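The values are calculated or read from the model by the stated rules, or taken from the named source; none is laboratory data. What you see is a predicted model, and the numbers here were worked out from it, not measured in a lab. Because the Cβ atoms are built from the backbone with ideal geometry, glycine has one as well, and the counts that use them run over all protein chains shown. Side chains are part of the model used for accessible areas, which takes the heavy atoms of the whole protein and leaves out ligands, DNA and RNA. Shrake-Rupley method; radii C 1.70, N 1.55, O 1.52, S 1.80 Å.
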Amino acid sequence: MENEITQTVFTKEDFIDTAIPYEYVYQFHGNKFTERQMIEKVSAMAMAVGIRSFKSLYSQYLKELKQLHEPMVCYTQFDGQPFELQCGEWIANDMGVYREGMFVEQACPHPIMPIQRLINIDTGIEKMKLAFRKGNRWREIIVDKSVVSSATKIVSLSDHGVSVTSENAKALVRFLSEVESANYDIIPEMNSFSRLGYFQNEGFVPFVDGLIFDGDLNFRTIYNSIQSHGNRDVWIDEIKKVREYSTVAKITIAASLASVLVPICNAQVFFTHLWSSTSGTGKTVALMCAASIWGNPELGKYIQTFNSTQVGLERYAAFLNHLPLMIDEGQLDNGKFNVYQLAEGVGRTRGNKTGGVDRTPTWSNCVLTTGEAPLIKQSDGAGAYNSTLDIECKSSEKVIDNGQRTANIVKNNYGFAGREFVEYIYRECLADWIKEKFSENYKLLCQSDTTEKQAMAAALVLTADEIFCKLILKTDDWLSVEDIAKHLATKKEVSVGERGYQFLCDWVGANQRRFATKETSPENGEIYGIFGDNDGYVYIIRSIFMRETEKEGYNSKSLLSYLKENHLIAYRAKNLTKGKRINGRLVECVALELPHIDCDDDEVLDEDEFI
């Protein structure tokens, strides 16, 4: 090697016109010591022929050589793109996204690029907003990072119009990942939300600027409906007229506003249900007035049809969170509505396809509904009764005077009061005053013959109405305790046991022919039991008792316990029954004491008297 080096001689033309001397030294680039020796020796040769800058020329040669071996850096060149992004070796133009090599690797046949990173203020989950163009129009979509990070999941973007298949899925994942990594400081990062309501350190969404909605697309319609439109003064004037005409309308509108007070007062979810067996009472228009506080009150906008399962209702409630959930009467008539489940404020924990567990949905608000019958069935538990302000809208006492006029006005003017209401509450830090006023109303309502939970719901409505009148309507015509107390259920009405006992008494009266007496016995058909010998009791065969009460929706064991505690049955042993001979055979019976009433046949019985 040394002989070869000694024999190698370069001319001045070699240094000036060719790269031969530089290539010669570069062959030793892998051995730093030997390369340094060659630089010195060839530099001496260059000096001998009048070239004094060999070392700097060799340094420049190394730089150019390095650039030749480095990969080409490209930039997105989409027509109408939001901004330019570095995309490495990917060629990204109006023909699509691809990479050249031994084979052409296509990521997408049309323009596509990440344009935002979204951090959810509630969950901390990161999402990505993609922009893509097919034809002349750019479209945007927000997706979970897990979707654009998986070749299996990213195929789901085809449902939204992105041309991705199992063939180009891996390439598209690589392209998006590399572009995001290379442009981390260029792609803007924004805070986002997927539910409405109050957020600590942020405010009341959607009335907070600078946040982006990244929630389920199924909720976009109701989210988009929450906005201001029309003339505020026109809306105020009409709502004043509506409230002056009807106390029920006052309660409905106040209940809509009371929804945002539920979390402040640490109260429970409550229902306000307007029902009427006849049409034309104005209950639907009253619901529209309540919806116009927040946004567009048309059916299908803020007031959804909710033609879905109970799971769907839970998700809608969780999305609205602190805003009122409004349900039309169609959903109530299809048998899918469950008061208990929504009243709990917590959905069920459910697994997902990946083997994990979805986030448990929660909500803390008011649910406003309309229907042709009471929301609560006779056999429903006390919890359902307690949670519901069940208000009958009688045909003789319409809720809205001119429903068509009012509906037209609130459809064209809406969305002012809700934003003002919540901004005032949190801007002025009224939480302590609200809690104090709520407590004051609650104590007053508890003095009437109603339950604590009914009083809680009514107290929220009264508190919200007073704030609404003072802040927005500029009037002192707010609801009084007397206005709302007459619409509250009594303690006896709430009690499942009391309702169960009344059912049994009615059932016995309607089926007297099925009961034997000391002298007679039903000639045909099933025997239900026997009347006592002037002792005031009726003896119902235990199996018949269980069958009929369970069929009506009552828990027979729970009902027996209530009857025992209130001394309405005679019994022996643990099963709370007594033996009685019917047609000569000993049978276990529930010995039910019938109410002691002494009245004429034409006398109208008061319900409390009967019970």
Check: Being open to solvent by less than 40 Å² (accessible area, probe 1.4 Å), more than 16 Å from residue 180 (Cα to Cα), more than 27 Å from the chain's Cα centre (by Cα) and touching a residue at least 60 places away in the same chain (Cβ under 8 Å), is that true of even one residue in region 117-129?
Finding: no
Check: Do we have any residue at all in region 323-339 that's modelled with pLDDT of 90 or more and open to solvent by 40 Å² or more (accessible area, probe 1.4 Å)?
Finding: no
Item checked: Test: residue in region 191-199 that is among the hydroxyl-bearing types (Ser, Thr, Tyr), open to solvent by 50 Å² or more (accessible area, probe 1.4 Å), touching a residue at least 60 places away in the same chain (Cβ under 8 Å) and farther than 21 Å from residue 75 by Cα -> yes
Next item on the list: Output the number of residues of region 520-536 satisfying the condition of being hydroxyl-bearing (Ser, Thr, Tyr) and either part of a helix (DSSP H, G or I) or open to solvent by less than 50 Å² (accessible area, probe 1.4 Å) (or both).
Entry: 2
Margin query: Could you go through region 38-52 and let me know if any residue there is free of Cβ contacts under 8 Å to residues at least 24 places away in the same chain, in a loop (DSSP other than H, G, I, E, B) and surrounded by 12 or more Cβ atoms within 10 Å (Cβ to Cβ).
Written below: no
Next item on the list: With the condition kept exactly as written, say whether any residue in region 91-105 is over 25 Å from residue 158 (Cβ atoms), surrounded by fewer than 18 Cβ atoms within 10 Å (Cβ to Cβ), more than 39 Å from the chain's Cα centre (by Cα) and touching a residue at least 24 places away in the same chain (Cβ under 8 Å).
Entry: no
Checklist line | Residue that is least open to solvent (accessible area, probe 1.4 Å) [pool: residues in region 477-497 that are under 17 Å from residue 246 (Cα atoms), among the charged types (D, E, K, R) and in a helix (DSSP H, G or I)] | finding: 483
Next item on the list: Filter region 350-387 down to the residues that are open to solvent by less than 50 Å² (accessible area, probe 1.4 Å) and under 17 Å from residue 276 (Cα atoms), then identify the one that is modelled with the highest pLDDT.
Entry: 368
Next item on the list: Kindly indicate the residue of region 187-206 that is within 24 Å of residue 261 (Cβ to Cβ) and over 17 Å from the mean Cα position of the chain (by Cα) and also modelled with the highest pLDDT among those meeting that condition.
Entry: 203
Notebook entry, point to check: Does any residue of region 498-516 turn out to be in a loop (DSSP other than H, G, I, E, B), polar (S, T, N, Q), over 12 Å from residue 592 (Cβ atoms) and open to solvent by 70 Å² or more (accessible area, probe 1.4 Å)?
Noted result: no
Item checked: Matching helices (runs of 4 or more DSSP H) fully within region 377-476 where at least 3 residues are within 23 Å of residue 289 (Cβ to Cβ) -> 403-412, 417-427, 452-468
Note to self: What's the number of the only condition in (1) out of contact with any helix residue (DSSP H, G or I) (no Cβ under 7 Å at 6 or more places or on another chain); (2) touching a residue at least 60 places away in the same chain (Cβ under 8 Å); (3) open to solvent by 20 Å² or more (accessible area, probe 1.4 Å); (4) not in a loop (DSSP other than H, G, I, E, B) that residue 83 fails to meet?
What the structure shows: (4)
Next item on the list: Take region 456-474 and flag every residue that is buried (at least 21 other Cβ atoms within 10 Å of the Cβ) and over 13 Å from residue 388 (Cβ atoms).
Entry: 459, 460, 462, 463, 464, 465, 467, 468
Item checked: Boolean, residue 214 is touching a Ser or Thr at 6+ places or on another chain (Cβ under 6 Å) and either at pLDDT 90 or above or open to solvent by 30 Å² or more (accessible area, probe 1.4 Å) (or both) -> yes
Item checked: Residue count, region 545-559 (criterion: within 14 Å of residue 505 (Cα to Cα) and in a helix (DSSP H, G or I)) -> 4
Next item on the list: Go through region 430-455 and count every residue that is open to solvent by 60 Å² or more (accessible area, probe 1.4 Å), over 28 Å from the mean Cα position of the chain (by Cα) and closer than 26 Å to residue 203 by Cα.
Entry: 2
Check: Scanning for something among the basic types (Lys, Arg), touching a helix residue (DSSP H, G or I) at 6+ places or on another chain (Cβ under 9 Å) and over 30 Å from residue 293 (Cα atoms), does region 144-154 turn up at least one residue?
Finding: yes
